[in-house]
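Input: a single structure, listed below in structure tokens.
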Amino acid sequence: MTADGGLSQVAIVLGTRPEIIKCAPLIKACDRRGVDCLLVHTGQHYSDDLDQVFFDQLELPAPDYNLEIGSRSHGEQTGRMLEGVEDVLDEHAPDVVLVQGDTNSVLAGALAAAKSNIPVGHVEAGLRSFDRDMPEEVNRVVTDHVSEYLFAPTEETRGYLERESVGGRIVVTGNTIVDSLYEYRELAAEKSDALAELGVEEGEFYLLTAHRAENVDDPDNFARLLEGVSRFARETDREVVYPIHPRARSRLDEFDLSVPEEIRAVEPLDFLDFLRAESAAALAFTDSGGVQEETCILGTPCVTLRYSTERPETAYVGANCLAGLDPDDVVEAGSTMLGKAADWDVPFGDGRAAERILDTLAAGTEPDAAEVPT
């Protein structure tokens, strides 16, 4: 802390590309306020080229540390991260450590800070799928319970935290993804050539993302997912664009699964190109929590290829439909959502989440309730 009690240094621990996107507003808010931001990249997403594109497009400084942990078992990956982050914190002793979301990087960063007696701020606190078979659910619950500051994106997530009697201070801030999308969506529309490069027209294609272990690591689940999406595309005479995660591509080869002809697998897209594709798709099929949020904000109807979601607000406002994996159910959900008018209210705030988070950390008090989105 500074002599007047203000923030001197904030450490941000991240490890995946979605975390880069959601932490970008926090990094920039620190810069605007003259707060030193210690950026620690665990290397959980281990493609340096792809990560660097995200930092470049978001105009972010290079990480101060890159631990280059890479892909390992959950236990080994988290343990190595914990050791590496702890070494950095021992050297710098920041005022607070911020983590965002529910990855192994988040869990390791939170545990390292808590064990070093450094306050933890959990951005996007309180999300719950109520499915403990998901590693992410375990990560987010544990992180919430060791955090001093719980930055909940919605009143719904605040309610979950209150019912669990977490010990930290709960503040509803909105979600930093709104900050990022509001800042970059016009730039994506102006600068991205993704639609031309993919050979698709706005509103005339579907977007698919599928990478979760429970879907792509199980050959039956992966096959059913692909069958449902391809059948809907065939019945509605549209193509599906699938930017395929390296993990999912390797599983296709391992299981000897072929991608149906209605689905075109392409290389992963950078941030601006993916944002443009999300905005332009007639419908998104996804197993990603982040994509559920983003499409809700961007006005693109979404079908979630899972049986539970930690973003129920997207379904409450009518932007998202939970389909599961049964092909018949996927087709039915697609029919429900296709052509739906984007007249829902965005439940994740007004694009000022990062400022509220920094206000809370600097003052140690909750922002005026009248300024907090509901």
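Rule-based calculations on the coordinates, nothing more; no lab input. What you see is a predicted model, and the numbers here were worked out from it, not measured in a lab. Using ideal geometry, Cβ is built from the backbone for each residue, glycine included, and neighbour counts are taken over all protein chains shown.
Tabulated results
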quantity: Point-to-point label distance, Ser71-Thr336, nm (Cα→Cβ direction, 7 Å offset); calculated: 3.3
quantity: Sorted largest first, extent of the range 194-337 alpha carbons per principal axis (Å); calculated: 37, 34, 28
quantity: Inter-centroid distance (Cα atoms) of the range 304-363 relative to the range 65-101, Å; calculated: 30
quantity: Cysteines without a disulfide-compatible neighbour (Cβ-Cβ under 4.7 Å), the chain; calculated: Cys23, Cys296, Cys302, Cys321
quantity: Glu202 paired with Ala189, simple spin-label distance in nm, labels 7 Å along Cα-to-beta-carbon; calculated: 0.6
quantity: Reduced Cα scattering model of the range 1-148, Debye log10 I(q)/I(0), q = 0.08, 0.09 Å⁻¹; calculated: -0.20, -0.25
quantity: Which of Asp217, Asp328, Asp273 has the fewest Cβ neighbours within 10 Å, and the rest in rising order; calculated: Asp328, Asp217, Asp273
quantity: Fraction in percent of alpha-carbon pairs per bin - 20 Å, the chain; calculated: 30, 60, 11, 0
quantity: For the range 256-317: rounded, prolate or oblate by the Cα gyration tensor [a/c cutoff 1.5]; calculated: oblate
quantity: Mean residue ellipticity (222 nm) of the chain, computed from DSSP H runs ≥ 4 via -39,500 (n - 2.57), nearest 500; calculated: -14500 deg cm²/dmol
quantity: Sparse-neighbourhood loop sites, chymotrypsin sites (Phe, Trp or Tyr not before Pro) in the range 237-313 - DSSP loop, at most 14 other Cβ within 10 angstrom; calculated: Tyr307
quantity: Cα gyration tensor shape for the range 108-175, rounded if a/c is under 1.5, else prolate or oblate; calculated: oblate
quantity: The chain, relative contact order [Cα under 8 Å, separation at least 6], %; calculated: 15
quantity: Order of Val88, Val172 under a 10 Å beta carbon neighbour criterion, fewest first; calculated: Val88, Val172
quantity: Directionally averaged projected area (convex hull, Cα atoms, the range 116-247), nm²; calculated: 11.5
quantity: Cβ-Cβ FRET estimate between Phe255 and Glu235, R0 fixed at 25 Å, reported to 0.05; calculated: 0.50
